Amino acid sequence: MDKYLLVVMGILMVGIPIAFVSPTTGEIRDQPFIPLFYASIGGIIVIIVYSSYKQKKATQKANRERRRKSKK
């Protein structure tokens, strides 16, 4: 996974507890901030899917290059 994706994922992971705990007082919120929670979960899923797709494409390209070199 790229460095910038790890940074974004870290920020999203910090957002999950902030949805349930008030950062100013440290107390659990009466009404959790549900949109922040689901946005963080959705963002993490998107990052995982994107990095998996990117890794798959890189592997396919490497395999293609390896097969082309072996045929020569």
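Along the axis of the charge dipole computed for the chain (Cβ charges of +1 for Lys and Arg, -1 for Asp and Glu, origin at the Cα centre), the listed residues Asn63, Gly15, Ile41 are led at the positive end by Asn63.
Rounded to the nearest 10 degrees, the angle from helix 34-71 to the longest Cα principal axis of the chain is 10 degrees.
Simple spin-label estimate for Ile18 and Lys71 gives 5.2 nm between the two label positions (7 Å along the Cα-to-Cβ direction from each Cα). In this structure, the amide hydrogen of Val21, modeled 1.01 Å from its nitrogen in the peptide plane, lies closer than 5 angstrom to those of Arg29, counting only residues at least 5 positions away or on a different chain. Here P(r) over Cα pairs in 10 Å bins from 0, in percent was calculated from the structure, and among (i) 21, 51, 24, 4, 0; (ii) 18, 31, 21, 14, 9, 5, 2; (iii) 20, 58, 19, 2 it sits at label (ii).
The lysine pair count for the chain, using Cα distances under 23 Å and pairs eight or more places apart or on different chains, is 12. To the nearest ten degrees, helix 3-20 and the longest principal axis of the Cα atoms of the chain are 30 degrees apart.
Think of each Lys and Arg Cβ as +1 and each Asp and Glu Cβ as -1; about the Cα centre, that makes the dipole of the chain roughly 1440 debye.
Each Lys or Arg adds one and each Asp or Glu takes one away; over the other residues whose Cβ falls under 13 Å from the Cβ of Phe20, this sums to -1. Using C-alpha pairs under 8 Å with a sequence gap of at least 6, the mean separation divided by the residue count of the chain gives a relative contact order of 29 percent.
Taken together, the values in this text are just the output of simple stated rules run on the coordinates, not laboratory data. Being a predicted model, the structure only gives us computed values, none of them experimental. Cβ: placed from backbone, ideal geometry, glycine included. Neighbour counts: every protein chain shown.
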